[in-house]
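Below you'll find the structure, written out as structure tokens, and then a few comments.
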Amino acid sequence: MSSDDSAGIGILNFFQGKNIFITGATGFLGKALVEKLLRSTAVGKIYVLIKAEDKATAFDRLKSEIINSELFKCLQEEHGTSYEAFVREKLIPVVGNISEPKLGMDFDSTNTIMNEVDVIIQSAANTSFDDRYDSLLEANVNGPQRLMRFAKRCKNLLLFVHISTAYTNGEREGVVFENPITMGENRRKNVSSSFPQLDIANEMSLALKSISRAPTEFETKTHLKKLGQERANFYGWYDAYQLTKAMGEMILNECKGDTPLLIIRPSIIESSYKEPFPGWIQGYKATDPVLISYGKGQLPAFLGDPELPIDIIPVDTVVNTTIAATAKHGIQHKPELSVYHVASSIVNPVRIYDVFEFCYEYFNSNPLIESSSKDNNVEKIKILDNINDLSKYIRDEICQRDGLKLDAIGTNENEILQKLQRKCNIKVKHAIQLCKMYEFAVFYRGRFDIFNTQKLLAEMSKKEQSCFGIDARDIDWR
């Protein structure tokens, strides 16, 4: 292990004065990445690609969604009255969109970035599990490809960083190594040489044909969602999001040429563990819908194998790994592809059973307002591995909790019963949908190897390890 006085990777030296171009900076991970770079490094300028009509609107979005975000309160406290001047000097909003030709940027912005940028970080993505297939293909395949084409024209580029997901592995089981995904390969459990190769151009064509065939917008949307799920299942992925993220990796590897490429594959990203303060999350994402529903008493059971680990990782661990790996490969500047898993299931696994045990303890000590009943207690959850058993149990429990009984009181007995039944059905449907949403993770029998990440940790100095914590073994899940 590295010592206190060793140089380590040289993270701070690498980022000093470096100019970064980042997409997806208003998103959950992108925003946390920007905050950490500003707080812990002497980075030069950070060019932020923002969807907007003009520069004024882009700056308004930058200010409302990034500069004034709660996430940046440590920076605000550190800089005091000079905070806004500091951020205005560092963060440069750029009008654009990775889904448009030439990234939707004007001539001046394009020239400035091509001449000044040292590192490109591609964090923009459509992360919906069940969006239309064409939308997912556009954001997760065409977008990164456009950005790579732009990157190859940048004069001083040291590294292209792409944020992917560990679940590009698909249905394969066992230990998943940090290897590139080769063009055309599938992720089915049973590999067969006679199985057709995944053809990205053909997938684009299928989605395009679906748009022209459906008579209404609603039918188009419905069909494209169904098509994405079917194509994912056919080639061995759990959903169209994972499939298109895998395609994005394939296309970048194929078209990168001599551009050094770093792919970061996090597992399920959760709220911050320590930095800049514990518990920060943007929006209602990751496992939040499940945990909050449980805390409110709306989720009596969950689908899964209670003994299997669920691979979650705090957002600050992902940010720190991205920064450390970027410094390492930016310094090396070799025309190669490097992959890093940021995951916990091998070195510090947390079982699905444990997650709900910790939540049971927490919500009984800190009840949610909505769960206030006579005793303020939530009950222990039942974890079932069969969807039919789960559906029946959830329906029985929710209906019982809502007081749906045949001896309803009053003159309008049938009307009362019908209202209670409708209310019960809505709650049951919501609970079952929540369980199905995470089915890919709660029955997943793959384990993400983190050899490259552990090697990175060993190369960091003690000071770097302290400032940029990347060791998943340090996480206390309770």
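The values are calculated or read from the model by the stated rules, or taken from the named source; none is laboratory data. Predicted model, so just to flag it, every value in this text is computed and none were measured. Glycine gets a Cβ as well: all are built from the backbone with ideal geometry, and neighbour counts include every protein chain shown. When the accessible area is computed, the model is the full protein with side chains, heavy atoms only, and any ligands, DNA or RNA have been set aside. Shrake-Rupley method; radii C 1.70, N 1.55, O 1.52, S 1.80 Å.
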ask   = Within straight cross-link reach of K18, meaning Cα distance under 13 Å, which aspartates and glutamates are found once same-chain residues fewer than 8 apart are removed?
value = E116, D118
ask   = Taking only protein heavy atoms and a 1.4 Å probe, what accessible area per residue, in Å², does the chain have with all protein chains in place?
value = 46 Å²
ask   = Using the membrane-span-like helix rule (whole DSSP H runs, Cα extent along the own axis of at least 15 Å, mean Kyte-Doolittle hydropathy at least 0.0), which helices of the chain qualify?
value = 28-40, 200-213, 240-255, 315-332, 352-365
Among L158, A56, T110 - extreme Cα towards positive end, dipole of the chain, charges at beta-carbon = T110
request  = Could you look at the chain and say what percent of its accessible area is carbon and sulfur, using a 1.4 Å probe and all protein chains?
outcome  = 49 percent
Cβ-placed point charges (K, R +1; D, E -1), dipole of segment 231-317 about Cα centre in debye, nearest 20 = 220 debye
Hits among lysines - C-alpha to C-alpha of K189 under 26 Å, sequence gap 8 or more where chains match = K225, K226, K245, K436
By average C-beta atoms within 10 angstrom, highest first, the peptides 311-317, 423-429, 330-336, 442-448 = 311-317, 442-448, 423-429, 330-336
inquiry  = Given the DSSP H assignment, sum -39500 (n - 2.57) over each helix run of at least 4 residues in the chain and divide by its residue total; what's the result at 222 nm in deg cm²/dmol, nearest 500?
reply    = -13500 deg cm²/dmol
query = If contacts are Cα pairs under 8 angstrom and at least 6 residues apart, what is the relative contact order of the chain in percent?
reply = 19 percent
task = Return the label of the correct value of Cα extents along the principal axes in Å, as calculated from the structure shown, out of (1) 78, 54, 47; (2) 80, 54, 40; (3) 67, 54, 44.
result = (1)
ask   = About its Cα centre, what dipole magnitude does the chain give when the only charges are +1 on Lys and Arg Cβ and -1 on Asp and Glu Cβ, stated in debye to the nearest 20?
value = 720 debye
ask   = Any idea which of N186, L224, Y241 is furthest toward the positive side of the dipole for segment 156-282, if Lys and Arg beta-carbons carry +1 and Asp and Glu beta-carbons -1?
value = L224
